[in-house]
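Structure record follows, encoded as structure tokens.
The values are calculated or read from the model by the stated rules, or taken from the named source; none is laboratory data. Source: prediction; values computed, not measured. We place every Cβ from the backbone using ideal geometry, glycine too, and count neighbours over all the protein chains shown. The accessibility values were calculated without ligands, DNA or RNA, using every heavy atom of the protein model including side chains. Shrake-Rupley method; radii C 1.70, N 1.55, O 1.52, S 1.80 Å.
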Amino acid sequence: MIQELASKIRSGYRLDRSEALDLYLHAPTPLLGELADAVRARKHPGRVVTYIIDRNVNYTNVCVARCNFCAFYRPVGSSEGYVLGFEEIFRKIDETIALGGGQLLLQGGHNPDLPIEWYEDLFRAVKQKYPTFKLHALSPPEVIHLSRMSRLEVPAVLDRLIAAGLDSVPGGGAEILVDRVRKLLNCYNKATADEWLDVMRHAHRAGLRTTATMMYGTVETVEERLEHLFRLRDVQDEVGGFTAFITWSYQPDHTELGGSEATGIEYLRTLAVARLVLDNFDNLQASWVTQGGKVGQLSLAFGANDMGSVMIEENVVRAAGAAYCMDEIEIVRNIENAGFIAKRRNMHYEVLGDPIFRERAVPRMLELAVARADGDTSRPPEINRYAARSAAEKKARLSEH
Ligand code: SF4
């Protein structure tokens with residue numbers, strides 16, 4: 001049965017749910033790798049593996065959603081809560097540009113004290129100062145949060161953000177797109193599976209490209225992981241705006257949910273099955289930031305054609321215990337050592353060129369930056385221009401007037 005399925009896949013056959021389940025549960029790992037690698041090679045002949053130089057910036061860690069798998073957020077009023085100032089964000093952009101980057105991946109908590117105008121002003125300010133710099137920003141649950149706070153429909157929120165400078169939408173906050181799982185993870189209220197997918201539909205229809213993600217290894221069954229993949233495949237058939245899929249394993253340290261992390265083999269099997277199911281996705285990223293460089297490199301033999309981002313900064317996964325770092329030199333070394341050709345890309349997966357460090361000297365980056373230095377509790381000056389909703393923040397803003 002598995003061998004029969006394997007030969008069907010080799011001739012480009014589209015898997016159904018029960019076949020995918022059979023493969024996921026029973027196919028030998030090397031066979032899954034071989035099949036996924038063949039799909040990668042068919043979609044990306046020429047052995048090019050891409051990566052992007054951009055920076056993950058988390059503009060705030062204050063969040064009312066309280067997902068139980070998240071070690072990053074702080075509740076409203078916490079002394080460890082922060083909001084980055086516009087000037088701090090500009091400094092991060094300057095550093096990104098110095099390393100050859102052209103984009104921020106901007107995501108944050110659901111902060112009730114940042115109205116939509118704050119985002120619009122930030123995006124406009126970035127575009128005014130850096131006209132060609134890209135903003136890959138606000139995952140679907142953040143868009144839903146803004147829609148609820150501003151009482152605007154999701155398409156209207158997207159239109160306003162696009163007018164202010166939003167370029168594309170990251171696929172975060174998907175976890176597993178099955179509501180039974182979302183209720184157990186306490187992320188059903190921030191976005192149901194349908195709501196998450198609907199934001200992506202609207203974004204694609206508004207002309208934006210987005211990514212899609214899956215965080216596995218919490219409370220879901222294997223069938224529910226596959227349900228997630230098939231739901232993404234259906235939406236991609238319908239609207240077609242996903243550029244890439246990224247999966248990673250749940251990182252349990254310092255979370256309320258606890259538990260243990262899935263193994264490297266489970267990661268590679270999940271990646272390979274995703275490559276086989278998502279036949280309408282062009283690109284699959286390796287998640288070296290959760291799996292480390294070595295498994296990241298192996299991903300290239302299990303269906304991934306992209307090494308993701310240099311990142312420069314990371315706060316979310318680090319809070320849950322993973323702190324891998326690879327700068328451009330290290331990413332390229334891993335790609336080339338695996339027998340591929342490394343190329344820089346943008347968010348649309350258009351190749352921009354060869355590694356920048358071969359063109360000019362760039363500073364080495366031996367550890368990922370953080371949102372702010374430890375102990376920095378400064379409040380951004382512009383924050384007082386915006387109306388707060390929480391009692392704690394109203395008081396703080398009033399006392400600064
Ligand atoms: S995962 Fe995102 S939405 Fe959930 S608690 Fe963490 S910051 Fe908030």
Original post:
From the residues in region 13-26 that are touching a residue at least 60 places away in the same chain (Cβ under 8 Å) and closer than 23 Å to Asn305 by Cβ, which one is surrounded by the fewest Cβ atoms within 10 Å (Cβ to Cβ)?
Top reply: Arg14
Original post:
When you scan region 51-101, how many residues do you find that are farther than 30 Å from Ile176 by Cα and of a type outside the set (Asp, Glu)?
Top reply: 14
Original post:
If you go through region 363-394, how many residues are farther than 16 Å from Val83 by Cα and modelled with pLDDT under 90?
Top reply: 7
Original post:
Among the residues of region 68-106 satisfying the criterion of being near the ligand (Cβ under 9 Å from one of its atoms) and crowded, with 22+ Cβ neighbours inside 10 Å, which is nearest to Ala396 (Cα to Cα)?
Top reply: Tyr73
**OP:** Give the residues of region 121-145 that are farther than 16 Å from Asn58 by Cα and more than 14 Å from the ligand (Cβ to nearest atom), sorted by residue number.
**Re:** Asp121, Arg124, Ala125, Lys127, Gln128, Lys129, Tyr130, Pro131, Thr132, Phe133
Original post:
Going through region 113-136 one residue at a time, which ones are under 27 Å from Glu350 (Cα atoms) and either among the basic types (Lys, Arg) or touching an Asp or Glu at 6+ places or on another chain (Cβ under 8 Å) (or both)?
Top reply: Arg124, Lys127, Lys129, Lys134, Leu135, His136
Original post:
Could you count how many residues in region 341-364 are out of contact with any helix residue (DSSP H, G or I) (no Cβ under 8 Å at 6 or more places or on another chain) and open to solvent by less than 80 Å² (accessible area, probe 1.4 Å)?
Top reply: 7
Subject >> Hits in region 145-165 (condition: of a type in the set (A, V, I, L, M, F, W, C) and open to solvent by 10 Å² or more (accessible area, probe 1.4 Å)) >> reply: Met149, Leu152, Val154, Ala156, Ile162, Ala163
Original post:
Got a sec? Which helices (runs of 4 or more DSSP H) wholly within region 291-401 have at least 1 residues that are of a type in the set (Ser, Thr, Tyr)?
Top reply: 391-399
